[in-house]
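> Quick one: structure below, then a few questions.
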Amino acid sequence: MKTLTLTLESSQKKLYLKIAEAIRNAIKQGNVHPNDKLPSARALAKQLLVNRHTIMAAYNELIAQGWVETQQRRGYNVAQTLPIYRSSAKTFQNESNSTQHKWRLVKTNSAKVQLPASQYLYNFAGGNPDIEIFPFNEFRGYMNDALNRPAINDLNYGKNNGFPPFIKEVSTYLRRVRSLSNKEIIVVNGTQEALYILSQLLLKAGDKVAVESLGYRPAWQAFKNAGAELIDVRQTEQGIDVEHIETLFKQHKIRLLYLTPLHQYPTTTTLPVAKRVKIYQLAQQYNIPIIEDDYDHEFHFDSQPLVPMAANDPAGLIIYLSSFSKIMFPGMRLGIIAVDKTLATHITDYRTIINHKVNVVLQDAVARWMKDGAFERHLRKATRLYQKRRQCMVELLNSFIEEGLDIKFTIPAGGMALWVDVGKNAENISNLAKEKSLYLLAENAFHLDNKNNQDKYIRLGFAGQSEEKIQQGLLLLKPLLNLRSNRD
Ligand SMILES: Cc1ncc(COP(=O)(O)O)c(C=O)c1O
């Protein structure tokens, strides 16, 4: 029998656990081998100047973990088969030498999770709501209600289209505020989940999806992940080019059209009614479903927002998506799909593969919040605030123009950002801004095909931060913008 040299770590752990760990390390390091006899409890107790029962407790711990074996009155042995995955080497090796498993990845996503824009001192990310204005205290009351009077039946597995009282509130709201009725509502964990499910259900490898040439990358990733090929629809200063849609529909077998009609992402233009009608007629003629992503409907300032295209959808070909990420906050992960009945059950059936339900307690709390009218109160407050912030940004940028800066923009009727023409070097401006802890994106971040990049637009979000921050940030940005005399 070998004498074991043991090194006890100086942690707060119980002594017997420290001894067990020291013996385990000795085994791992190969100081004793499988089947080797270990010192008796008495001998080890003497060596370590501890009670024999402490050693027995350590050995019992190692027996439970599979490192040590014992037979009646024959003492303790290192286990024959150790509870560790061996490398191909015959001799037992130090863990640090063992070969790492190499994963066979059959799919990856090239779009990496970004450092949140909120890490920057000035955050001009285009789509950020101001989370600090969310009425957390008020909402806590509704969460309490949801837990005090839990909807026991719905908290189990089962029907997964959404929590009925929440669907009821959302349906009423959509009917009243967005004229949207006769569609089935399915609750999802945010728009992204909806895009993923729809891509998997409706697309197969090689299918073509038409998307806005400047657009929303996370949606594209979902389509591409299903094997689809993306075809970009040209955009003009007046929004999407409908003639180009027609040409593409004629030229290709397009399977799906993805649009952000109300506040085009990222350019913020609103698709006029005449263009909507024409696109709808084309979609009907060529039998192409449309995903209408209405991600920030409420934040429309100068007039009532246009009703969604899905509100006039006799053929039932529009899949309408709406999110609570802007109304509440992105971490809420709540959204809805409104679709024709014929597609709804396929969506809910498919969804069970990735998730059983959307958090029912959360849906319950939001339903109570909506029912009380507090939800719309919050919306009115946020809309008023964002409108003021838009005004603040517009006024300051206009004063820059008066001072000779060569920038242009159209005040958007709604949304959460301005799309500003800075003439040139937009990407460079956005990079230099980051060095001043100022987050903003330039046109290059939104193109499907970078050859369309004119490098002249930046996107300035106005909703997510206070007027004070907007002003300070824009004053920092000002020296990076181009002087009129510099324009080519
Ligand atoms: C175009 C667009 N669609 C949808 C969303 C919301 O997505 P989700 O509900 O997954 O947070 C956003 C948020 O930035 C968006 O910009």
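The values are calculated or read from the model by the stated rules, or taken from the named source; none is laboratory data. The shown structure was predicted, so the numbers you read here are calculated from the model rather than taken from an experiment. Please note: Cβ atoms are built from the backbone with ideal geometry, for glycine as well, and neighbour counts cover all protein chains shown.
> For region 242-253, check the following and say yes or no: at least one residue is touching a residue at least 40 places away in the same chain (Cβ under 8 Å), within 13 Å of the ligand (Cβ to nearest atom) and assigned by TED's automatic domain parsing to the domain that holds TYR350.
Checked against the condition, which is being touching a residue at least 40 places away in the same chain (Cβ under 8 Å), within 13 Å of the ligand (Cβ to nearest atom) and assigned by TED's automatic domain parsing to the domain that holds TYR350, region 242-253 yields no hits at all.
> If we scan region 97-108, do we find a residue that is away from the ligand (no atom under 15 Å from the Cβ) and either outside any loop (DSSP other than H, G, I, E, B) or acidic (Asp, Glu) (or both)? Break it down stepwise before answering.
Within region 97-108, the first condition is being away from the ligand (no atom under 15 Å from the Cβ), and the residues that meet it are 97-108.
Subset that is either outside any loop (DSSP other than H, G, I, E, B) or acidic (Asp, Glu) (or both): 97.
Checking region 97-108: at least one residue is away from the ligand (no atom under 15 Å from the Cβ) and either outside any loop (DSSP other than H, G, I, E, B) or acidic (Asp, Glu) (or both).
> Just the residues that are within 16 Å of the ligand (Cβ to nearest atom) and over 11 Å from SER322 (Cα atoms), please, taken from region 292-302. Walk me through it before giving the result.
Start the filter on region 292-302 by keeping residues that are within 16 Å of the ligand (Cβ to nearest atom), which leaves 292-300.
Selection gives PHE299, HIS300.
> Out of the residues in region 173-192 that are part of a helix (DSSP H, G or I) and among the hydrophobic types (A, V, I, L, M, F, W, C), state the one that is farthest from the chain's Cα centre (by Cα).
Narrowing region 173-192 to residues part of a helix (DSSP H, G or I): 173-178, 191-192.
Right, trim to among the hydrophobic types (A, V, I, L, M, F, W, C) and you get 174, 177.
Numbers: LEU174: 24, VAL177: 27 Å.
So the residue we want is VAL177.
> Out of (1) in a helix (DSSP H, G or I); (2) near the ligand (Cβ under 10 Å from one of its atoms), the odd one out for THR348 is which?
For THR348, the failing item is (2).
> Working carefully through the options ASN153, ASN137, ASN160, find the one that is at pLDDT 95 or above, over 15 Å from PRO308 (Cα atoms) and among the polar types (S, T, N, Q). Give the steps one after another, and end with the answer.
Details: ASN153 fails: at pLDDT 95 or above; ASN160 fails: at pLDDT 95 or above.
So the residue among ASN153, ASN137, ASN160 that is at pLDDT 95 or above, over 15 Å from PRO308 (Cα atoms) and among the polar types (S, T, N, Q) is ASN137.
> Of everything in region 1-20, what is more than 19 Å from ALA57 (Cβ to Cβ) and aliphatic (A, V, I, L, M)? Give them in sequence order.
Across region 1-20, the qualifying residue is only MET1.
> If I filter region 345-355 for residues that are surrounded by 23 or more Cβ atoms within 10 Å (Cβ to Cβ) and either more than 21 Å from ARG175 (Cβ to Cβ) or of a type in the set (Asp, Glu) (or both), do I get at least one hit?
Taking region 345-355 as the starting set, the residues that turn out to be surrounded by 23 or more Cβ atoms within 10 Å (Cβ to Cβ) are 351.
Now restrict to residues that are either more than 21 Å from ARG175 (Cβ to Cβ) or of a type in the set (Asp, Glu) (or both): 351.
Yes, region 345-355 has at least one match.
> May I pose another question? Applying the selection to region 384-414, what residues are in contact with a strand residue (DSSP E or B) (Cβ under 8 Å, 6 or more places away or on another chain) and buried (at least 16 other Cβ atoms within 10 Å of the Cβ)?
If the condition is that a residue be in contact with a strand residue (DSSP E or B) (Cβ under 8 Å, 6 or more places away or on another chain) and buried (at least 16 other Cβ atoms within 10 Å of the Cβ), then ARG390, MET393, LEU397, LEU405, ASP406, ILE407, PHE409, PRO412, ALA413, GLY414 are the ones that fit.
> Tell me which residues, restricted to region 19-47, are surrounded by 19 or more Cβ atoms within 10 Å (Cβ to Cβ) and either in contact (Cβ under 8 Å) with a residue 24 or more places away in the chain or touching a Cys at 6+ places or on another chain (Cβ under 6 Å) (or both).
ILE19, ALA20, ILE23, ARG24, ILE27, VAL32, LEU38, PRO39, ALA41, LEU44
> Taking the criterion of being among the polar types (S, T, N, Q) and surrounded by fewer than 19 Cβ atoms within 10 Å (Cβ to Cβ), would at least one residue in region 306-314 satisfy it? Even if it seems obvious, please write down each step before you answer.
Of all residues in region 306-314, those among the polar types (S, T, N, Q) come to 312.
Pick out the ones that are also surrounded by fewer than 19 Cβ atoms within 10 Å (Cβ to Cβ) and you get 312.
The answer is yes, given that some residue of region 306-314 is among the polar types (S, T, N, Q) and surrounded by fewer than 19 Cβ atoms within 10 Å (Cβ to Cβ).
> For ILE186, which of the numbered conditions (1) within 15 Å of the ligand (Cβ to nearest atom); (2) surrounded by fewer than 17 Cβ atoms within 10 Å (Cβ to Cβ) fails to hold?
(2)
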